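Structure record follows, encoded as structure tokens.
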Amino acid sequence: SLHDALPISALLSKLRHPNIIRHLGSEILGKRAVMCTEFVHESFAAWYKRLETRSARDKCLDIRIKFGQVLTGLSYVHRQGVMHRNLKPDNIFIDLDGVIKLGDFTTTRMLDIPIQAYTPEDPKERDRSGREMRRLWYRAPELILRDEVYGPKVDTWSVGCLLAEAATGRSLFQSDSEIDHLFRVFRLLGTPTKQTWSEVLTM
């Protein structure tokens, strides 16, 4: 929203790291917020397609190098008190030198220490575009369950989903709704219980 654009812009202008896309400025044009960033060559979505043609050895090495940079950039962001909350193949970029850049911080939230309750992002299920649906594939269960208190682990979950996709060539949770997403997660990892995740009972 326009209300959030200026604080986000101010925050992004302070993030300086080789694995974070550089924010050059922003402007309000009518009812739109326009942000200008450094040029990046391609996204992980394009890189994933190229990975399918590589030998197993080359693929493993490439994945290790690129995800090392993803985690380095994400660690920096978290140390600055920021959660990305929307990591997906379309939001991780590769520049012309092959350097990974985390981008699209439009759903960013500041991390409160100690961790506080957040206003729910999406109070109810809504119709989703294809782009919104793909965003769902990388979302941590606590975001879908509307947990009011969460932290940087939601980004770590997304990186795990992205890593699995790079290794296997397909998305780990190709869900078409929030409830389907949760069923797929529980099918793979087990349904949470009071012993394994006591907080889930209050969500």
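The values are calculated or read from the model by the stated rules, or taken from the named source; none is laboratory data. As the structure is a computational prediction, the values presented were derived from the model and not from experiment. Please note: Cβ atoms are built from the backbone with ideal geometry, for glycine as well, and neighbour counts cover all protein chains shown. These accessible areas exclude ligands, DNA and RNA; they are computed on the full protein's heavy atoms, side chains included. Shrake-Rupley method; radii C 1.70, N 1.55, O 1.52, S 1.80 Å.
Key figures
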quantity: Residue, modelled with the lowest pLDDT, within the range 39-49, restricted to residues that are touching a Gly at 6+ places or on another chain (Cβ under 9 Å) and not polar (S, T, N, Q); calculated: H41
quantity: Matching option when the condition is in a loop (DSSP other than H, G, I, E, B) and surrounded by 14 or more Cβ atoms within 10 Å (Cβ to Cβ), among R184, R146; calculated: R146
quantity: Subset of the range 105-137 that is touching a Ser or Thr at 6+ places or on another chain (Cβ under 9 Å) and either exposed (fewer than 14 other Cβ atoms within 10 Å of the Cβ) or not in a helix (DSSP H, G or I) (or both) - its residue that is modelled with the highest pLDDT; calculated: W137
quantity: One residue from L189, L163 being open to solvent by 40 Å² or more (accessible area, probe 1.4 Å) and either of a type in the set (D, E) or at pLDDT 95 or above (or both); calculated: L163
quantity: Evaluation of D90 against (1) modelled with pLDDT of 90 or more; (2) over 18 Å from G73 (Cα atoms); (3) not in a loop (DSSP other than H, G, I, E, B) (one fails), failing number; calculated: (2)
quantity: Test set (1) closer than 21 Å to S158 by Cβ; (2) surrounded by 14 or more Cβ atoms within 10 Å (Cβ to Cβ) - R22 fails condition number; calculated: (1)
quantity: The listed residue being assigned to a loop (DSSP other than H, G, I, E, B) and of a type in the set (A, V, I, L, M), out of V40, V70, V77, V34; calculated: V40
quantity: Residue, least open to solvent (accessible area, probe 1.4 Å), within the range 166-178, restricted to residues that are in contact (Cβ under 8 Å) with a residue 40 or more places away in the chain and in a helix (DSSP H, G or I); calculated: A166
quantity: Cβ-Cβ under 7 Å pairs, at least 6 apart or on other chains, the range 81-103 side at positive phi, far side part of a strand (DSSP E or B) and not basic (K, R); calculated: G81/M110
